[in-house]
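A short worksheet on the structure shown next.
The values are calculated or read from the model by the stated rules, or taken from the named source; none is laboratory data. In this text the structure is predicted, and so the values were computed from the model without any measurement. We place every Cβ from the backbone using ideal geometry, glycine too, and count neighbours over all the protein chains shown.
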Amino acid sequence: MRILLIEDDREAADYLKKALKESGHVCEHAADGAEGDTLAKAGGYDVLVVDRMLPKLDGLSIISNLRASGDQTPALVLSALGEVDDRVKGLRAGGDDYLPKPYAFTELLARVETLGRRRQPEEGAMSYEVGDLKLDRLSHEVTRAGQKLLLQPREYRLLEYLMKNAGQVVTRTMLLEHVWDYHFDPMTNVIDVHISRLRSKIDKDFETPVLHTVRGAGYMIKA
Amino acid sequence: MIVDGENRGFRQRLRMLMRMTAFRLTLIFFFVFLVFSVALVTVSLFTVTTVLHREARSVINEELVVLRRTFKRGGVRGLVRAVDQRSRAPGASLYLVVDQQGRVFAGNVQRLPTKVLERDRWIHKPFKYELLAGMPRARPPLRRNGSNPSDRPEFDREELDQSSPRAAIARVVFLENGLTLLVGRDFGQPSRFRSIVLGTLIFTVLSLAVIALVSWYFLGRRALRRIEKVSKASQRIVAGDLAQRLPETGTGDEFDRLSSALNSMLEKIENLDGGIKDMADSVAHDLKTPLTRLRNRAEAALVPKEGLTSEAYREALEDTISQSDQLIRIFNALLMISRVEAGSQAGSLEPVDMKMIVEDIGELYEAVTEESGATFDVSIQPNVSDWTMNGNRELLGQAVSNLIENALKYGGKSSVDDDGNVTNLTSISLLLRRRGAHIHLVVEDNGPGIPAEDRDRVKRRFVRLEKSRTKPGSGLGLSMVNAVSKLHGGRLVLEDNKPGLRAYMELPSS
């Protein structure tokens, strides 16, 4: 994936650049708002990672400029502010996701990869398939190896989100955000328990597990 | 040089004086009063003159009527006799009877402008004249009856000043046989009139200046001294003494009201400042502790030890990361609480469905509570159809989740059976109910509860009860719930659940 990182903190930027490259992505870096704006307008990126507060031109303006010119490159907004209202502002300006600082790199990576994927055609697919696990988005029917699985509505949504991002790490906060639509950070392992319930339904009676725990990051569905 | 310096000092003082509101106000009043009094004096003098003229004319007219009649009856001889008689009477008018050649037949006027006698007419404009020596003086029109001469020496002096010419108005009548009759009234000395006007004006200006000085004293030295006190007190407050209060005299006037308004503002600022100081103290304490722990672990991992595997390093690093995550959590919670308390999110309140929030959060936590062996029960008061209120869904959801996590952490109750098996008997219920105009979002547990005397204290930041110190937590959960309740115009109530704690957010439903 080609990623444009617009971040004025040199140390954070160097770390991110290195880590993104190690994860197999191409990362270009702009150290201020004006440079970032120019690079973003030049286009050719799969994802933009934009710090909110930047010298010369703030991150939200860069994104709204892009959106005004019809460019829909997905953008992840990084911010030290990180409260409810700031998130709303960030998304209103055209940002696709919002990550408060400080963040774990795994969280950022998971979100960047999800955003990069969004442009790919399976976004609007009518059904998802991972190995022998099938999810029909019209009938809400889930089968594994032809066997029908009975899921609670929330378990269905959990699985749907995981399958939509199949092969990709999905973090706990991403699940809370997309499945429950809350953005806080629960202190107890609430998400883990839901995952283990889902796992008991889709993996328990089958030989090869499809729902994997990625240590220190989150979960992934993979055949 | 010295003169110059003194001059500058004076100018500086003058500029300072001009800057004083009282002085400026006094000066303005002074000039306004001055203009009005000059106008008033002028108008009244004009009026007095007009009245005097009118009176003089009517006296002249009456005399003329009598004298004409006398002339008609007694001819020239009768007229001369009558004029002579009148001329000698005290307070006499002016009389003159002359023929065409200018010979004086009778009268008390020694000299007057010849122009006066040229035509049969009124002479309204006072002309100068001289009386015949020994003739009684005409009563001056402006003299006050019965006034003691020593009271107004200048009047008497002028009256005695025979050399200065006097003025009069008169009527000149041409009689049938070529005689000219003049009857006039004395109008005093023109210079004296001018000096009266001038005197009145000087008196007005002087008394106004005195009034201005006095009012400056009261306004500038007394009222503004209070403002000066206020600004002095403010300076002390700015210098850091927030306990300072502005003086209040208790009269309830504008200054007092201003002072008391500023004082209540100061009260609030002092409270906020105290809050910030408390917060800084607790931040220092409650963030330093985990920071120290974090540092210690990293340090311990660096100490060379026999058989330290890379796995151990990994564990130490993971540990430091989870410690710093905990710190970040505390920091985020603190930030959120202060922002919620500052009300900066109040603008983002919009209609939310409380039932949905309770169901969603209930469903989110149901799994984890059951997994831990506790019973968890979500109930929503039946026969209430509308659960919408103005709120912030995110904050309310987080507040409910805080209450549930608290119940999970501290509301626990477990029993150990004979075989040493631990059974979790915790029972948590989340319920939504309506009480009048309020919506109650209740979380109950059957744990040890919070002693009545601590129930207010635990709403404050970082306050953790002794019993809970051993468990993980930041002591920010309830203060966050409290702040969210207040943001929505409600409150957080902590009650005895007998046994356990009942915590509920009482929120106005509209």
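For the stretch A:15-44, a residue qualifies if it is touching a residue at least 24 places away in the same chain (Cβ under 8 Å) and of a type in the set (A, V, I, L, M, F, W, C), and the qualifying residues are A:16, A:19, A:20, A:26, A:27, A:30, A:31, A:39, A:40. Being away from every other protein chain (no Cβ under 14 Å) and either of a type in the set (Asp, Glu) or in contact with a Pro (Cβ under 9 Å, 6 or more places away or on another chain) (or both) is the requirement here; does residue A:140 meet it? Considered against the rule, which asks whether it is away from every other protein chain (no Cβ under 14 Å) and either of a type in the set (Asp, Glu) or in contact with a Pro (Cβ under 9 Å, 6 or more places away or on another chain) (or both), residue A:140 comes out as yes. Checking the stated criteria, residue A:216 turns out not to satisfy the condition of being more than 14 Å from chain B (Cβ to nearest Cβ) and surrounded by fewer than 19 Cβ atoms within 10 Å (Cβ to Cβ). Looking only at residues in the stretch B:344-403 that are in contact with a Lys or Arg (Cβ under 7 Å, 6 or more places away or on another chain) and free of Cβ contacts under 8 Å to residues at least 40 places away in the same chain, the one that is farthest from the other protein chains (Cβ to nearest Cβ) is B:363.
Listed by position, the strands (runs of 3 or more DSSP E) contained in the stretch B:418-510 that have at least 3 residues being touching a Lys or Arg at 6+ places or on another chain (Cβ under 9 Å) are B:438-444, B:491-496, B:501-508. Among the conditions (1) part of a helix (DSSP H, G or I); (2) in contact (Cβ under 8 Å) with a residue 40 or more places away in the chain; (3) touching a helix residue (DSSP H, G or I) at 6+ places or on another chain (Cβ under 6 Å); (4) away from chain B (no Cβ under 14 Å), the only one that residue A:161 does not satisfy is (2). Only one of the numbered conditions (1) closer than 17 Å to residue B:170 by Cβ; (2) surrounded by fewer than 19 Cβ atoms within 10 Å (Cβ to Cβ) is violated by residue B:75, and that is (1). Among the residues of the stretch A:186-212, just one is in contact (Cβ under 8 Å) with a residue 12 or more places away in the chain, over 24 Å from the mean Cα position of the chain (by Cα) and within 14 Å of another protein chain (Cβ to nearest Cβ), namely A:201. Take residue B:330 and tell me if it is over 44 Å from the mean Cα position of the chain (by Cα), surrounded by 16 or more Cβ atoms within 10 Å (Cβ to Cβ), more than 9 Å from chain A (Cβ to nearest Cβ) and under 29 Å from residue A:105 (Cα atoms). Criteria met by residue B:330. Among the residues of the stretch B:291-312, none qualifies, meaning not one is without any contact (Cβ under 8 Å) to a residue 12 or more places away in the chain, surrounded by 16 or more Cβ atoms within 10 Å (Cβ to Cβ), aliphatic (A, V, I, L, M) and within 14 Å of chain A (Cβ to nearest Cβ). For the stretch A:92-114, filtering for residues that are outside any strand (DSSP E or B) and away from chain B (no Cβ under 13 Å) leaves 11. If you go through the stretch B:237-249 one residue at a time, do you hit one that is in a helix (DSSP H, G or I) and modelled with pLDDT of 75 or more? Among the residues of the stretch B:237-249, at least one is in a helix (DSSP H, G or I) and modelled with pLDDT of 75 or more, which makes the answer yes.
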